[in-house]
Every structure is written in structure tokens, then in C-alpha cells.
1. Could you work out how much longer the chain between residue 80 and residue 117 gets when fully extended? Use 0.36 nm per residue separation minus the Cα distance between them, nm to one decimal.
2. Any chance you could check the Cα centroid distance between the stretch 42-64 and the stretch 67-95 for me, in angstrom?
């Protein structure tokens, strides 16, 4: 996993100043848009730029889904689908998850608490 730039550095980069040495290869996590679709079905749209890869955008969406699950008072999420497109210099992931209090059936489930902790260790923001 790559480290995220601090918001101040991201703003500095936007202002045309140079990025400090050693951070030019960092991933910039640009934000999360969350949409409750219906009941337990939630859509997350995230954007990652800088030295981001397709996988960085997918991991960012999963981290957002895990945190949202905890915020809603649930413990688990199940991945439904994710699409990733390139938009300028950013990868944009559009992901859908179901959230639930109990472990859902299926092979693409996440334990929200464990996932949020792993995201923190990896430097990926959750919201």
C-alpha cells in the first residue's frame, strides 16, 4: 500500500508548488461519495490520483464501505460489484455493497471492524 498525502500537501500541489521529496509517488485519495440505494444496498464512488493504480481505487472503496457499515451500526458488508474508470489522472471506482448486522452469505464478505483497522494501518482513509 502507498501512503496518502496530507490534505495540506494536496492543496499545495493544486496551487502549483512542488510536492516534497519522497512524496511524489504517493496516492492522493480525493474523496468518497456515498449513496444509499435501497434498504441495505449502498453505492460508493471514490477517486484516487497521484501515483494511484486501479487496485488503490478498489481498496479505497472497500475502506469506505467498511467505515460506512460501522457508522450505520452494522458489522459486515458483502461486495456486489465494482467498476473502475480512468478520469483524467484519477482512477474512479464505482462500488456497490450490501451492509448487514450478521455475516452475509457469499464469498466476498468483509468484517467491517477488521477492514477499517487494516485501512488505517495501510494509510487508506475510510471517509
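1. Length difference between fully extended and current span is 11.1 nm.
2. Rounded to whole Å, the Cα centres lie 7 Å apart.
Computed from the coordinates by the stated procedures, all read-outs in this text should not be read as laboratory data. Model, not experiment: these values are computed from the prediction.
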